[in-house]
Amino acid sequence: MMRILIADDHVGIRQLLVRMFDGMSEMEVVAEAADGLAAVQLASECQPDVVVMDVEMPRLDGIGATRRIVAEHPDMRIIGLSTHRSGVYVKAMLAAGA
């Protein structure tokens with residue numbers, strides 16, 4: 001079973017992702033975070049296999065949260081999520097370890 005943490009400041013997006021992943025028998029959403037600091041804390045507490053990380057969030061953006069999570073948990077996988085079309089965000093998330 002793949003354990004997933006969803007980090008997004010938009011509750012509707014989180015709910016949509018939870019429904020999508022929970023509908024797959026091999027995946028389980030173990031936590032949801034509304035900001036980057038909560039994502040970092042929940043990654044340590046819940047030890048998910050994968051974090052689906054929004055790029056823009058309050059308190060700590062997804063790029064900074066990704067850096068922190070990867071530094072503490074190098075085997076944890078991060079998937080960046082954004083509505084931005086700019087490659088700048090993609091490059092920044094990849095550089096952070098996503």
| said: Taking the full set of protein chains and a 1.4 angstrom probe, give the accessible area of residue 44 in square angstrom, rounded to the nearest 10. | reply: 50
| Ignoring ligands and nucleic acids, what accessible area does residue 49 show with a 1.4 Å probe (Å², nearest 10)? | 70
| request: Please calculate how many Å² of accessible area the chain carries per residue, with a 1.4 Å probe and no DNA, RNA or ligand atoms counted. | output: 56
| remark: Counting Lys and Arg as +1 and Asp and Glu as -1 over every other residue whose Cβ sits under 15 Å from the Cβ of residue 19, the net charge comes to -3
| task | Heavy atoms only, probe 1.4 Å: what % of the accessible area of the chain goes to carbon and sulfur, would you let me know? | result | 55
| Translational diffusion coefficient (Stokes-Einstein; Kirkwood radius from C-alpha pairs) of segment 1-88 at 10 °C, 1.306 mPa s, in µm²/s | 125
| request: Please list, in chain and number order, the residues 5+ apart from residue 98 or on another chain whose amide H is under 5 Å from its amide H, with Hs placed from the backbone. | output: none
| request: Please give the calculated 222 nm ellipticity per residue for the chain, where each DSSP H segment of at least 4 residues contributes -39500 (n - 2.57) and the sum is spread over every residue; nearest 500 deg cm²/dmol? | output: -13500 deg cm²/dmol
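The values are calculated or read from the model by the stated rules, or taken from the named source; none is laboratory data. Since the model is a prediction, treat every value here as computed from it, not as a measurement. Counting neighbours? That spans all protein chains shown, and the Cβs are built from the backbone with ideal geometry, glycine included. The accessibility values were calculated without ligands, DNA or RNA, using every heavy atom of the protein model including side chains. Shrake-Rupley method; radii C 1.70, N 1.55, O 1.52, S 1.80 Å.
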